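Derivation of every value follows stated rules applied to the coordinates shown; laboratory data play no part. Please read these numbers as outputs of a predicted model, since none were measured by experiment. Every residue, glycine among them, receives a Cβ derived from its backbone with ideal geometry; neighbour counts consider all protein chains shown.
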Amino acid sequence: MQELKGYVRYRFRSEEEDIDVLLEGEADWVRSIVAELGLRKVGWMMPMAVDSTKMTSSGISNEDTHLPSGKPKDMGPEPDPSRIPIIRRPIGELNLVAKLVEAGLEKPQRPTSDELRLQLEDVEEPHPAQGPMVVDPMAESWLKELLRIVVRAHGVTAISTETIALAASDYLGDREGLELELFLESMFRAGKIVKVHGGDATGWGPSPAWLSSGL
C-alpha cells in the first residue's frame, strides 16, 4: 500500500462476503486500523483535500477562520468624483422623446390601416400555412405578412382589431367584428400571436417564434 501522509480515506468492499469498510483520518491511524483488521493487502487508500495539521481528532478545525485583511488587489484606479457629470433637473421634466431624437432614434409611429393596406398589396402571395392547428391556411399566412410589416417596417409591436379589419379583412376570409376576434383568439390560444390589453382596445402582435417560422 502506498505510504501516504496527512488526512486519508481507506475503502474496502466485498460484495461476495457483504463487507464494506470505510475509514477516514490521519494516515498513520488509518494504517494501524487496517493492519488490525488484516486488510493490508486489500482495499485502496487515497489522500483527502484536508490539511490535517489544522484538524482535531473529531475532524473539526482547531483554528479560527481568518478573514482577508487589507485592501483587495486589482480593483482598478481610485474613483475620481470630479469626472462624474452632475445633472440636476426637476422631477418629471425629462423629455424622453427629445432625448431619443438627439440620439438619432425616432419614436415609432403607429401605422394607419390605409398605409398597411398599401404595403400589404405589394407583398407576394404567401404559401398556405401548414400544421394541425391551422384553421384557415391562407388567412393565417396573410395575417403573418401583415404583422411582419407592422413590426419590421414600423417598429410597432401590436395593432388593434379594428386596424386589422380595415387593412386586411378580405385577406382574412372577409372576417370582421366578432368573427375576426374569434379568429385572432384562436391564433392567440395556439401561441402564434400575443394579446396586448390597452385602455380603449385590444392589440394583437406576432409571436417571435411564429413570425420567424416558415410554416
Notebook entry, point to check: When N counts the residues of region 7-54, how does its alpha-carbon radius of gyration compare numerically with 2.2 N^0.38 Å, as a ratio?
Noted result: 1.18
Item checked: Relative contact order (percent, whole number), the chain, Cα cutoff 8 Å, 6+ residue spacing -> 12 percent
Notebook entry, point to check: Using unit Cβ charges (K, R positive; D, E negative) and no other charged atoms, how large, in debye to the nearest 20, is the dipole of the chain about its Cα centre?
Noted result: 980 debye
Notebook entry, point to check: Spin-label point model (7 Å from Cα, Cβ direction): what's the S32 to D114 distance in nm?
Noted result: 10.1 nm
Next item on the list: For region 120-186, calculate the relative contact order in percent as a whole number, restricting contacts to Cα pairs under 8 Å that are 6 or more residues apart.
Entry: 25 percent
Notebook entry, point to check: Residues with beta-carbon under 11 Å from that of E181, excluding E181: net charge, scoring Lys, Arg +1 and Asp, Glu -1?
Noted result: -2
Check: Cβ under 13 Å from S207's Cβ, S207 left aside: what net charge do those residues give with Lys, Arg +1 and Asp, Glu -1?
Finding: +4
Checklist line | Within region 186-210, backbone nitrogen closer than 14 Å to the virtual label 7 Å beyond the Cα of R148 toward Cβ | finding: 206-210
Check: Over region 1-45, what is the relative contact order in whole percent, taking alpha-carbon pairs under 8 Å and six or more residues apart?
Finding: 45 percent
